[in-house]
Structures are given as C-alpha cells and as structure tokens.
Amino acid sequence: MLPAPWKPIESGGLIRLGSARDGGYVVPKRAVLASKRLISMGLNDDWQFEKEFRQFAGVGIVCFDHSVTWKFWLRYYVEQVLRLRWGRLARYLDYRWFFSRPGVEHQPIRIGYDQPGEVSVKGLLKEFSEDNIFLKIDIEGSEYRILDDIVKYSDRFTSVVIELHDIDIHEDRIRRFVEGMSNFSIVFLHPNNFGGTDDQGDPLVIEMCLVRNDLLDPAAPGETRPELPANTSRLPDIELRFAPAGISSTVGPRRDLTA
C-alpha cells in the first residue's frame, strides 16, 4: 500500500490535458489559468499536453529535453518505417510547427546541475523569473536530483505534475518531498502500468499532481472527477491502495514485468 499522505484530497475543477493514455494528466483548471508560464521537463515525441495547455491558457511554454536532437529524429524515422507506422512520419513536421510558434521553445538541455549542457532548477528560475509557473516533470528517474530544489522554490509554482519512478527504492525521498510541499495538496495520483508492480501489486511508477493550496477548488455536488485510462492497454491496469492514516506503507520489492 502507498502512504496515506499520498492519497489525493477531494478537489473540484479538475481537467484532463494531453494524450489519451501515456502522456495525459489530470490537472486543476484554476491553476492552469493562474499560470504565467509552463516549464516542461521531458519531451520525447509527445507534446500534446503542452499544445493543449497553450490552447487553454495562452502562456509561454519552454520544454527541456537533451535527448531530442537530429539523431533522435533519425532513429525515430527509421523505427517508424521499419514498423510500417506511416501515420507517424509527419511527427517531425508537427514538432517544427509547434516549437516555432512565438512563446514556445524547446531547449535541448539536461535538467540537473549548472554546468555545460545542463541547467538546475535554480538556474532555469533565474532565466524565467516570473512567478506562478506550472511545472511538469517526466525525466525518467532524474527527478530525484531536483526534488529538494522544487521544495525550496515551491512558492514560485502554481502546480507541479511529476512522474516518480522506482518508488519502492525512493519512497523515503518522495515522503520528504510531499512533506516539504506543505503549501500544496495532492489532487490526483495515477499508476503508470508501463512501470509494473512490486510483489504486493502496488505500482512502481506513479504520476502525481500537486496544486498550491490557495488555488484549490472544492468539489461541487455531483461534479464528475476526470479519470485516466491505463497508460498502455497491453498490460493490466493497477489498482491504487493507500495505508490507513497513521500506518506506514508497505511498498515491497520490485518484481519482474512481463509484457
């Protein structure tokens, strides 16, 4: 079971942005509209969330992903041709179109430390100095390098959407992160079934949405709460279970994932 403090609170005004499965997130509408910029860490070949955020809020967007280069696109096209995925061959054109829009940019820089080819959270917040930033993070395990800085500068953010990997190994660090975000509340948590489960059936990868408390909306009577389907339909969905309040979680060791 996951720790009780990770259980989302009852909140209203939630909307779904992004791809239908992997890459989609449930986020608070009020926080989106209150944001002055979206900083997105991790891009790969899916920027549907960023496109819909832009349509919804009309703010500047900057994406960081050091892996999306011309070599990435060369490998991508070879793979799509070999798999006969002809419909995906226009992906690069959509990338060029979206990231050439005024106020939208992709920086091929790694999130980490202030050194050549990298930038820290502190460094990027110096470059983008406005407050009320919406932060989206999916950097495949590197998130643990920046959790302390997210807490340190949390007053600069409206909402933080983060994918957390290998939570069986990093549970204590995630606990400290959630406790440190004392001016935020978890409004949505989703298991990523691509990541598999531990030996108790609990997810090893989760997607968490935190919103600043002054931007919380109460749930209206009869309001439908958005849900996300499993990240992939090829694997079973994962049920979320939370420990009772005051009881520690029982996240267990990893078990092998069978495709």
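Based solely on its DSSP helices, what 222 nm [θ] is calculated for the chain when runs of n ≥ 4 H residues each add -39,500 (n - 2.57) and the sum is averaged over all residues, nearest 500 deg cm²/dmol?
Computed mean residue ellipticity for the chain: -7000 deg cm²/dmol.
What is the extension gain from residue 245 to residue 182, computed as 0.36 nm multiplied by their sequence separation minus the C-alpha to C-alpha distance, in nm to one decimal? All intermediate terms of the calculation are to be shown ahead of the outcome.
Working: separation 63, 0.36 × 63 = 22.68 nm, distance 1.72 nm.
21.0 nm is the gain from fully extending residue 245 to residue 182.
Determine the principal axes of the Cα atoms in the chain, then give the extent along each, sorted from largest to smallest and rounded to whole angstroms.
So the extents along the principal axes, rounded to whole Å, are 51, 44, 43.
What order do you get for 158-165, 66-73 when each peptide is scored by the mean count of other beta carbon atoms within 10 Å, highest first? Walk me through the numbers on the way to the answer.
Working: 158-165: 23.4, 66-73: 14.0.
Put in order of decreasing packing, that is 158-165, 66-73.
Long-range amide H contacts for residue 242: which residues qualify at under 5 Å (H placed 1.01 Å from N, peptide plane, sequence gap of 5 or more or a different chain)?
Amide H neighbours of residue 242, under 5 Å, 5+ apart: 2.
By how many nm would the segment from residue 148 to residue 97 lengthen if fully extended, with 0.36 nm per residue of separation less the alpha-carbon distance? Walk me through the intermediate numbers first.
Values: separation 51, 0.36 × 51 = 18.36 nm, distance 3.50 nm.
Length gained between residue 148 and residue 97: 14.9 nm.
Given labels modelled 7 Å from the Cα in the Cβ direction, how far is it in nm from residue 16 to residue 56?
In this crude spin-label approximation the distance works out to 1.2 nm.
How large is ³J(HN,Hα) for each residue in segment 166-182, as worked out from phi by the Karplus curve 6.51 cos²θ - 1.76 cosθ + 1.60 (θ = phi - 60°), to whole Hz, x for Gly and Pro?
Result, rounded to whole Hz: 6, 5, 5, 7, 10, 4, 5, 5, 5, 4, 5, 5, 4, 5, x, 7, 5.
Residues of segment 45-68 with amide nitrogen under 16 Å from the 7 Å Cα-to-Cβ point of residue 80?
Those under the cut-off are 45-48, 68.
Quick one: what does P(r) look like for segment 36-85 with 5 Å bins over all Cα pairs, in whole %?
It works out to 5, 18, 21, 19, 15, 12, 8, 2, 0, in whole percents.
Quote the FRET efficiency, to the nearest 0.05, computed for residue 4 versus residue 113 with a Förster distance R0 of 30 Å and r equal to the Cβ-Cβ distance. Could you put the intermediate results ahead of the total?
On the way: r = 34 Å, r/R0 = 1.13.
Efficiency computed from Cβ-Cβ geometry: 0.30.
With +1 on the Cβ of every Lys and Arg and -1 on the Cβ of every Asp and Glu, and nothing else charged, how large is the dipole of segment 4-215 about its Cα centre, in debye rounded to the nearest 20? If you can, show how the numbers build up before the last one.
Values: 28 positive and 32 negative charges, 192 e Å.
Using Cβ point charges on Lys, Arg, Asp and Glu, segment 4-215 gives about 920 debye.
HN-Hα J couplings of segment 136-153 from phi, Karplus 6.51/-1.76/1.60, θ = phi - 60°, integer Hz, Gly and Pro as x?
Each residue's phi maps through the Karplus curve to give 10, 10, 8, 10, 6, x, 6, 4, 5, 6, 10, 4, 4, 6, 4, 4, 4, 10 Hz.
Neighbour counts of other C-beta atoms within 10 Å: give me 64, 134 arranged from fewest to most. Write out the running numbers ahead of the final one.
Numbers: 64 22, 134 25.
The order, fewest Cβ neighbours first, is 64, 134.
I'd like to compare 14-23, 213-222: which one has the highest average count of other Cβ atoms within 10 Å, and what's the full order after that? List each step's numbers first, then the result.
Values: 14-23: 17.4, 213-222: 12.1.
Top to bottom by mean Cβ count within 10 Å: 14-23, 213-222.
Taken together, the values in this text are just the output of simple stated rules run on the coordinates, not laboratory data. Given the structure is predicted, the values throughout are model-derived calculations rather than measurements. Methodologically, a virtual Cβ is constructed for each residue, glycine included, from the backbone with ideal geometry; neighbour enumeration extends over all protein chains shown.
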